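Asks: Submitted below is the structure of interest, expressed as structure tokens.
The values are calculated or read from the model by the stated rules, or taken from the named source; none is laboratory data. The model shown is predicted, which means the values in this text are computed figures rather than measured ones. Positions of Cβ are generated from backbone atoms using ideal geometry, with glycine treated the same way; all protein chains shown enter the neighbour counts.
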Amino acid sequence: MEYAVTTSDLTRTFGSFVAVDRLNLNIKPGEIYGFIGPNGAGKSTAIRMLCGILEPTSGTGSVLGYDLNRETEEIKKRIGYMSQKFSLYDDLTVVENLNFYAGLYSVPRRELKERVREMVAMAGLTERENELTVNLSGGWKQRLALGCAIISRPAIVFLDEPTSGVSPISRRMFFKIIQRMAAAGTTVMVTTHFMDEAEYCDKIAFISAGRLMAVNTPDNLKKNVIDGHLVELELPDAMNRLDDIESLPYVKECTVHGPLLHVLLENESQRLALMAFTGVEPQPITPSLEDVFIALAKRKGDNPAFLSS
Ligand SMILES: Nc1ncnc2c1ncn2[C@@H]1O[C@H](COP(=O)(O)OP(=O)(O)OP(=O)(O)O)[C@@H](O)[C@H]1O
Ligand SMILES: [Mg+2]
């Protein structure tokens with residue numbers, strides 16, 4: 001199987017609203033594939049179609065070789081899915097939740113004990129197995145939810161904003177687990193609004209208003225999406241100078257990053273002009289993923305920036 005997921009013009013509408021617009025994806029087995037984009041971009045809708053729980057309006061595709069339109073039961077059996085509003089049973093214990101999901105996914109009885117033990121260890125919940133889920137804090141709940149989603153050892157797991165609302169340390173732990181899973185061959189599709197997490201992905205697909213705007217490695221996105229010369233300025237009154245700088249004819253974009261301004265020039269030769277205007281020497285910088293994100297989110301449809309499989 002060349003691709004764990006492949007789609008061709010996958011589309012979903014709600015009434016006249018197009019939530020996912022002719023999406024073409026190719027995800028290789030074992031990849032950590034990040035799905036990034038603004039709120040309402042269509043990420044969750046796309047994932048729900050890939051999980052076989054939302055019917056596409058048009059287009060085709062396959063997950064683990066099974067057809068997205070005709071074989072959704074096969075798909076549902078074989079994947080793991082942690083939805084944006086994942087549901088654990090608060091009044092069940094850690095082990096009871098795992099047992100419940102193991103039953104749902106038909107984990108063989110003789111393997112049950114071992115699998116539950118494995119997931120408890122993965123979630124860092126050893127010795128808290130019999131605690132009620134309601135008593136777990138956010139980060140542990142999230143890892144337990146992941147355990148429930150992968151207790152069947154799926155070849156692919158879809159994680160929809162799995163780390164929203166948890167601390168940076170928990171987020172990092174969570175991504176370590178994801179990296180380990182991927183290294184062991186599991187394909188991981190994950191959505192996130194955190195750029196540090198996007199950096200961990202092998203590939204990032206950027207989606208905006210239902211359209212795929214770019215797909216590539218984090219490094220290649222940083223190198224190739226931004227059209228122009230990006231510089232950083234350290235100006236004491238950055239916020240007050242923002243409008244003036246943005247209205248310069250050769251400035252394409254100007255954004256605030258803490259105490260710094262990122263200014264996108266048309267080309268390198270305009271650095272001197274910017275220096276004369278601001279009195280500060282602009283330092284050339286490599287765009288961050290956040291710069292890429294902002295640039296892509298501003299772009300309008302029909303102009304995919306940097307697509308590669
Ligand atoms: N069942 C539905 N009925 C009508 N509109 C819907 C439905 N589900 C989603 N939408 C709309 O489709 C668009 C895409 O929603 P979706 O949840 O896929 O976005 P998202 O990229 O996951 O956003 P977020 O980052 O906020 O989770 C939104 O405008 C949403 O309101
Ligand atoms: Mg969503």
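Asks: What is the residue count in region 258-285 for residues that are under 17 Å from GLU234 (Cβ atoms) and not in a helix (DSSP H, G or I)?
Replies: Of the residues in that region, 15 qualify.
Asks: While we're on this one: Conditions first: (1) of a type outside the set (Lys, Arg); (2) outside any strand (DSSP E or B); (3) crowded, with 16+ Cβ neighbours inside 10 Å. CYS254 passes all but one, so which condition is the exception?
Replies: (2)
Asks: Next question. What pairs come out if I take residues in region 160-173 that are farther than 21 Å from PRO38 by Cβ and modelled with pLDDT under 90 and pair them with residues that are charged (D, E, K, R) and within 16 Å of ligand 2 (Cβ to nearest atom) whose C-beta lies under 9 Å away, six or more apart or interchain?
Replies: none
Asks: Sticking with this one: Here are some residues: LYS176, LYS113. Which one is closer than 23 Å to PRO29 by Cβ, more than 16 Å from ligand 1 (Cβ to nearest atom) and free of Cβ contacts under 8 Å to residues at least 12 places away in the same chain?
Replies: Values: LYS113 fails: closer than 23 Å to PRO29 by Cβ.
Selected residue: LYS176, the only one of LYS176, LYS113 that is closer than 23 Å to PRO29 by Cβ, more than 16 Å from ligand 1 (Cβ to nearest atom) and free of Cβ contacts under 8 Å to residues at least 12 places away in the same chain.
Asks: Among the residues that make up region 160-168, is at least one of them in a helix (DSSP H, G or I) and not β-branched (Val, Ile, Thr)? Lay out the reasoning, then the answer.
Replies: The first filter runs over region 160-168 and keeps only residues in a helix (DSSP H, G or I), leaving 168.
Remaining after also requiring not β-branched (Val, Ile, Thr): 168.
Yes, region 160-168 contains a residue that is in a helix (DSSP H, G or I) and not β-branched (Val, Ile, Thr).
Asks: If I filter region 38-56 down to residues being outside any loop (DSSP other than H, G, I, E, B) and either over 19 Å from TYR200 (Cβ atoms) or not assigned by TED's automatic domain parsing to the domain that holds GLN84 (or both), which single residue comes out as nearest to ligand 2 (Cβ to nearest atom)?
Replies: Applying the first criterion (outside any loop (DSSP other than H, G, I, E, B)) to region 38-56 yields 43-50.
Filter once more, so that each one left must be either over 19 Å from TYR200 (Cβ atoms) or not assigned by TED's automatic domain parsing to the domain that holds GLN84 (or both): 44-46, 48-50.
Details: SER44: 3, THR45: 8, ALA46: 9, ARG48: 9, MET49: 13, LEU50: 13 Å.
Out of the qualifying residues, it is SER44.
Asks: Any residue that is within 28 Å of ALA198 (Cβ to Cβ) and among the aromatic types (Phe, Trp, Tyr) - is there at least one of those in region 85-92?
Replies: Within region 85-92, the subset within 28 Å of ALA198 (Cβ to Cβ) is 85-88.
If we keep only those that are among the aromatic types (Phe, Trp, Tyr) too, we end up with 86.
Yes: one or more hits.
Asks: Moving on. Quick one: which residue in ASN216, ASN224, ASN240 is free of Cβ contacts under 8 Å to residues at least 60 places away in the same chain and either within 19 Å of LEU261 (Cβ to Cβ) or away from ligand 2 (no atom under 16 Å from the Cβ) (or both)?
Replies: Details: ASN216 fails: free of Cβ contacts under 8 Å to residues at least 60 places away in the same chain; ASN224 fails: free of Cβ contacts under 8 Å to residues at least 60 places away in the same chain.
Among ASN216, ASN224, ASN240, only ASN240 is free of Cβ contacts under 8 Å to residues at least 60 places away in the same chain and either within 19 Å of LEU261 (Cβ to Cβ) or away from ligand 2 (no atom under 16 Å from the Cβ) (or both).
Asks: What's the number of the only condition in (1) near ligand 1 (Cβ under 10 Å from one of its atoms); (2) surrounded by fewer than 23 Cβ atoms within 10 Å (Cβ to Cβ); (3) in a strand (DSSP E or B) that PHE35 fails to meet?
Replies: Single failed check for PHE35: (2).
Asks: A further question on this structure: Every residue in region 158-182 that is within 16 Å of ligand 2 (Cβ to nearest atom) and touching a Phe, Trp or Tyr at 6+ places or on another chain (Cβ under 7 Å), please. Quick ask: steps written out before the conclusion?
Replies: The initial filter retains those residues of region 158-182 that are within 16 Å of ligand 2 (Cβ to nearest atom), namely 158-165.
Matches in region 158-182: PHE158, PRO162, THR163.
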